[in-house]
Amino acid sequence: MSETPRVAIVTGAARGIGAATARRLAAEGHSVAVIDLKQEDAQHTAEEITAAGGTAIALGADVSDADQVTATVNQVAERLGAPAILVNNAGVIRDNLLFKMSEEDWDAVMGVHLRGSFLMSRAVQSHMTSEGWGRIVNLSSASAQGNRGQANYSAAKAGLQGFTKTLAIELGKFGVTANAVAPGFIATDMTKATAARVGMEFEDFKNAAAESIPVRRAGTPEDVAATIAFLTSEEAGFVSGQVIYIAGGPLD
Ligand code: NAP
């Protein structure tokens, strides 16, 4: 792929899928704004990118806070230029069975995944539509199809699929595409936390997951980053409103 260099924003990019995506988009030639809750956490990914010869800045922001989102997107536009690629990756889990799930845990998950993706997309769309080019990718999940202990998370991830399709419909005429990727089991700190919650060693948890995955392995952050690299590329301009499962087997 030979890409026109653009300005990309990746949220929750201090680690896991977000960090791999930030590194991959930088390797495609884009300048990357690495956003995470704490600037010092985001700094690590930005330094990896610059050490590899890329361009990156690190910014601290809570994507569920409208004022912080506005200020952050303004800073990106001032320091790197108008954002043309947005990856809404920031995420949290607050798993519990419905009868034990608190309102705080419901609201926290909705706040980061749904409200965060809404606020970030609303803030960047004016840059994208005025340039006549944009790519938005939202992180959904295989859990959108339902997962025990994740009423909040599965509802948010299913909601993101509807959000994505609506962005595709509204923004298409301005040259902006919107797609969702829906990973299955990816080895990151998030799945490590799930293993700890169910009292399993991470290696055992990963191996058990792999047994039920057709390609017989857990996914990696780089598997997801590669799909996002395609969806944010020049040549993906006719792919919009799609949900792509990255799960080592069929899901729909
Ligand atoms: P991760 O390792 O937990 O990383 C998520 C990052 O998001 C963390 O650095 C976290 O910061 C940051 N974050 C949390 N709340 C934020 C907020 N309000 N504002 C800004 N940043 C925030 O997760 P991951 O496994 O890479 O997952 C990335 C995305 O993929 C998430 O949307 C997740 O739901 C989705 N996904 C993951 C899997 C999987 O198997 N791993 C599967 C399907 C979908 P802190 O560390 O400071 O909290």
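The values are calculated or read from the model by the stated rules, or taken from the named source; none is laboratory data. Predicted, not measured: the structure shown is a model, and the values here were computed from it. Don't worry about glycine lacking a Cβ; one is built from the backbone with ideal geometry, like all the others, and counts go over all protein chains shown. Quick note on the areas: whole protein, heavy atoms, side chains included, nothing else; ligands and nucleic acids left out. Shrake-Rupley method; radii C 1.70, N 1.55, O 1.52, S 1.80 Å.
Points worth noting:
- Between V32 and A8, T55, A56, I57, the built amide H atoms are under 5 Å apart, and every one of these is 5 or more places off in sequence or on another chain.
- Counting only residues at least eight positions apart within a chain, or on another chain, the lysines with an alpha carbon under 16 Å from that of K206 are K192.
- Whichever lysines have a C-alpha closer than 30 Å to that of K173, once near sequence neighbours (fewer than 8 apart) are set aside: K157, K165
- Couplings 3J(HN,Hα) of region 193-198, computed from phi: 5, 5, 4, 4, 5, 8 Hz, in residue order, whole Hz [Karplus 6.51 cos²θ - 1.76 cosθ + 1.60, θ = phi - 60°; x for Gly and Pro].
- Here the 3J(HN,Hα) profile of region 242-252, calculated from phi with Karplus coefficients 6.51, -1.76 and 1.60 at θ = phi - 60°, is 9, 10, 10, 7, 10, 9, x, x, x, 8, 8 Hz, Gly and Pro shown as x.
- When the chymotrypsin sites (Phe, Trp or Tyr not before Pro) in region 166-252 are filtered for DSSP coil states and for at most 12 other beta-carbon atoms within 10 Å of their beta-carbon, the remaining sites are F238.
- Heavy-atom accessible surface of region 157-248, averaged per residue, reaches 48 Å², computed with a 1.4 Å probe.
- With all protein chains in place and a 1.4 Å probe, the accessible surface of the chain carries 50 percent carbon and sulfur.
- Helix 151-171 axis versus longest C-alpha principal axis of the chain: approximately 30°, rounded to the nearest ten.
- Degrees separating the helix 39-51 axis from the principal Cα axis of the chain, which is the longest one: 70
- Rounded to the nearest whole Hz, the Karplus-based 3J(HN,Hα) values (6.51 cos²θ - 1.76 cosθ + 1.60, θ = phi - 60°) of region 224-239 follow the sequence 6, 4, 5, 5, 5, 4, 5, 5, 9, 7, 4, 6, 8, x, 9, 10, with x at glycine and proline.
- Dimensions of region 23-152 along the principal axes, based on C-alpha atoms and rounded to the nearest Å, stand at 49, 32, 26, largest first.
- When you filter the trypsin sites (Lys or Arg not before Pro) in region 135-168 for DSSP loop state and at most 14 other Cβ atoms inside 10 Å of their Cβ, you are left with R148.
- Radius of gyration, Dmax [the chain; alpha carbons; angstrom]: 17.2, 51
- On Cα atoms only, tilt of 66-79 relative to the major axis of the chain in degrees: 50
- Cut-off under 5 Å, modelled amide H: who pairs with I246 long-range: A182, G184
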